[in-house]
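Encoded as structure tokens, the structure appears first; notes follow it.
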Amino acid sequence: MKRSGLAQTRRRVGLGVSALLACWLVWSLTPGVPVVRAPKGSARVVEAGLTLFEHDWTPGDSLAAGDGLGPVFNERSCVACHFQGGIGGGGDSKHNVKSFEVHPVPGRPEVTGGILHGFAISKDCRESAKGLHDFFAVVPGGLKIVGGCTIETRDFDPVRIHSVNATALFGAGWIDRISGKSILHQSRRKSFGAIGRELVGDLGGPSPGRPRILADGRIGKFGWKAQFATLEEFVASACANELGLGNPLMEQAKPWAHVSYSKVQPDLDKTQFRALVEFVDTLPRPTEVMPSDANERSLSERGKLLFEQVGCTACHAPEIGGVAGIYSDFLLHRVSNPSTAGSGYSGVPGVPLPHGHPLPDEWKTPPLWGVADSAPYFHDGGSPTLEAAILRHHADAAPVTRAYQSLPSVDRQAIIAFLKSLRAPSDAKPAERGPSRVIAMAH
């Protein structure tokens, strides 16, 4: 009887474990919980956030609990860089930011990153690319023995500087609610699809890309390198780095190499920061606006079909996580020209980038909703038109670019017409450009 009871218990435990494993497997293969509700906020809090978003900050500002603008910064207000199509839109190339990464070298295996600020409140705080290169010196090349083999290496400059364009924030609250599981699910599905194509001899499709998995295991969704998992973190970084406004999540940016700058209390308190995040969170989402003219509408509708047929939706997915019309997979892709960016990362032998860290030519697929009102295009704002941006897609996207180039002129025009239907939200508040950002200290 005892043996029978023990066997019965073991069977029950085995069945229970099997059921749990089956549930886990089913859950792992599902796309996650879709977004079903629009972001909402208190009208009073959102209005307070709008005031902060439009405010022109100054050193010693009366709205700041700390020292106000600075000591280093790139602009005086949020709206100065987010204005196209209304308050919260993208910025022009004049307002690009210089971001940098310092790659690993012997004795310093970590990656250092930050912003080269264009403005400062005093001469002592000014930053420059030259100063950055002087501080992080070139590793000289020569003959080295690695793993018993003699290798000739070139000089290695660990500093990488990119000019980065300000992205539109419309619909950011919807993006914030897309689960990381949805992004992982789509990534796996695309990877399996690529393997399936290769097994039948189709080697010409676009590469599937990869998710940015942050150090704590979360999936990055915000920033050109997908370096932020949440909207709150993105806003905190923008305040600290672009305006020099310390906040509950992040201290204000300090001159990275020139002087020691005393720690001050956060410029934004918890109430102010919550209001600013809630304002950005509730910015309206972009919409697809078909032309009223029948012929133009027909051209745009055909362009939407062609957009999928040539392979654009392989990366610019129309829907993810229950959010329709977003046109992004939020994955990292190599899209730079191999002749200028190189076919892969080449650093100091034996000192690789940290596992999973984006390569210099990897960028997150930007959402295309609202793209018609967010020129110029690409991470650096270097493409003035939509067609220029399409033709600039290389590396992982090269097969799609070739497919687009092979289309008749009228079909290429149709795709552009479709992209021009992806407009900024009609209910976005018009942006009034503020005064010059130059204060006590220029470049």
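Here, each number is a calculation from the coordinates, and none is a lab measurement. Source: prediction; values computed, not measured. For neighbour counting, all protein chains shown are included, and Cβ atoms are generated from backbone atoms with ideal geometry for every residue, glycine included.
Semi-axes, largest first, in whole Å: what does sqrt of 5 times each Cα gyration tensor eigenvalue give for region 128-276? Could you put the intermediate results ahead of the total?
On the way: eigenvalues 240, 194, 31 Å².
Each semi-axis is √(5λ); the values are 35, 31, 12 Å.
Arranged by the count of other C-beta atoms within 10 angstrom, fewest first, what order do 260, 374 take?
Going from least to most buried by this count: 260, 374.
Taking the Cα-to-Cβ direction at residue 261 and at residue 406 and moving 7 Å from each Cα, how far apart do the two end points lie in nm?
5.3
For region 137-190, which trypsin sites (Lys or Arg not before Pro) are in a loop by DSSP, counting at most 14 other Cβ atoms within 10 Å?
For trypsin sites (Lys or Arg not before Pro) across region 137-190 that sit outside H, G, I, E and B with at most 14 neighbouring Cβ atoms in 10 Å, the list reads 154.
Taking the Cβ-Cβ separation of residue 301 and residue 8 as r and a Förster radius of 56 Å, what is the calculated FRET efficiency to the nearest 0.05?
So, using R0 = 56 Å, E works out to roughly 0.30.
Label-point separation (nm) for residue 17 and residue 162, each offset 7 Å from Cα along Cα-to-Cβ?
4.6
Sequence gap at least 6, Cα distance under 8 Å: using those rules, report the relative contact order of region 43-423 to the nearest whole percent.
With pairs under 8 Å counted, the relative contact order is 22 percent.
Please give the length that would be gained between residue 290 and residue 51 if that part of the chain were fully extended, namely 0.36 nm times their separation in residues minus their C-alpha to C-alpha distance (nm, one decimal).
Full extension from residue 290 to residue 51 adds 82.7 nm.
At 7 Å along Cα-to-Cβ for each site, give me the label-to-label distance between residue 188 and residue 429 in nm.
4.3
If you put +1 on each Lys and Arg Cβ and -1 on each Asp and Glu Cβ, how big is the dipole of the chain around its Cα centre, in Debye rounded to 20?
1860
Under the Karplus relation 6.51 cos²θ - 1.76 cosθ + 1.60, θ = phi - 60°, what is the ordered set of whole-Hz ³J(HN,Hα) values for region 111-126, x standing for Gly and Pro?
Running phi through 6.51 cos²θ - 1.76 cosθ + 1.60 with θ = phi - 60° gives 9, 9, x, x, 10, 8, 7, x, 9, 8, 7, 8, 4, 5, 9, 5 Hz.
Of 360, 389, 219, which is farthest towards the positive pole of the chain's charge dipole, taken about the Cα centre with +1 and -1 on the beta-carbons of Lys, Arg and Asp, Glu respectively?
219
Stretch residue 210-residue 380 to full length: gain in nm at 0.36 nm per residue minus the Cα-Cα span?
Separation in residues times 0.36 nm, less the Cα-Cα distance, equals 59.1 nm.
Seen from all sides and averaged, what is the projected area of the convex hull of the Cα atoms in region 264-354, in nm²?
Computing the convex hull of the Cα atoms and averaging its projections yields 12.8 nm².
Quick query: amide H of residue 85 versus all other amide H atoms, modeled in the peptide plane; which residues come in under 5 Å with a sequence gap of 5 or more or a different chain?
Amide H neighbours of residue 85: none.
What are the residues whose amide H is under 5 Å from the amide H of residue 108, where those residues sit 5 or more places off or on another chain and H is modelled from the backbone?
Residues meeting the amide H criterion: none.
If you place +1 on the Cβ of every Lys and Arg, -1 on the Cβ of every Asp and Glu, and leave all else neutral, what size is the dipole of region 302-409 about its Cα centre, to the nearest 20 Debye?
On the way: 6 positive and 9 negative charges, 38 e Å.
Using Cβ point charges on Lys, Arg, Asp and Glu, region 302-409 gives about 180 debye.
Mind listing which trypsin sites (Lys or Arg not before Pro) in region 235-291 are in a DSSP loop and have 13 or fewer other Cβ atoms within 10 Å?
Here the sparse-neighbourhood loop sites are 263.
Sequence-distant or interchain residues sharing an amide H contact under 5 Å with residue 428, placed H: which?
For residue 428, whose amide H was placed from the backbone, there are no distant partners under 5 Å.
Please get the size of the charge dipole for region 63-193, origin at its Cα centre, with Cβ charges of +1 on Lys and Arg and -1 on Asp and Glu, quoted in debye to the nearest 20.
The calculation lands at about 540 debye.
Which of 136, 222, 73 comes first, and how do the rest follow, when ranked by fewest Cβ neighbours within 10 Å?
Ranked by crowding around the Cβ, least crowded first: 136, 222, 73.
If you average 1/r across every pair of different Cα atoms in region 43-423 and take the reciprocal, what Kirkwood value do you get, in Å?
Values: mean 1/r = 0.0446 Å⁻¹.
Hydrodynamic radius (Kirkwood, Cα pairs) of region 43-423 is 22.4 Å.
Principal axes first, then extents: for the Cα atoms of region 25-169, list largest minus smallest coordinate on each axis, whole Å, largest first.
67, 60, 29
Fewest first, what order do 10, 297 take by the number of other Cβ atoms within 10 Å?
By the 10 Å Cβ count, ascending: 10, 297.
Per the Cauchy relation, a quarter of the hull surface: what is the mean projected area of the convex hull of the alpha carbons in region 72-121, in nm²?
Its Cα hull, projected and averaged over all orientations, spans 4.7 nm².
Return the subset of 40/254; 94/130; 190/221; 94/225 for which the Cα-Cα distance in this structure is over 23 Å, preserving the input order.
Where the Cα-Cα span goes over 23 Å, the pairs concerned are 40/254.
Exactly which GluC sites (Glu not before Pro) in region 87-195 are in a DSSP loop and have at most 16 other Cβ atoms within 10 Å?
Details: sites: 101, 110, 127, 152; in loops: 110, 127.
In loop regions of region 87-195 (DSSP not H, G, I, E or B), the sparsely surrounded GluC sites (Glu not before Pro) are 110.
In whole Hz and in residue order, list the ³J(HN,Hα) couplings for region 310-320 that follow from phi through the Karplus curve 6.51 cos²θ - 1.76 cosθ + 1.60, θ = phi - 60°; x for Gly and Pro.
7, x, 4, 6, 4, 10, 8, 5, x, 9, 8
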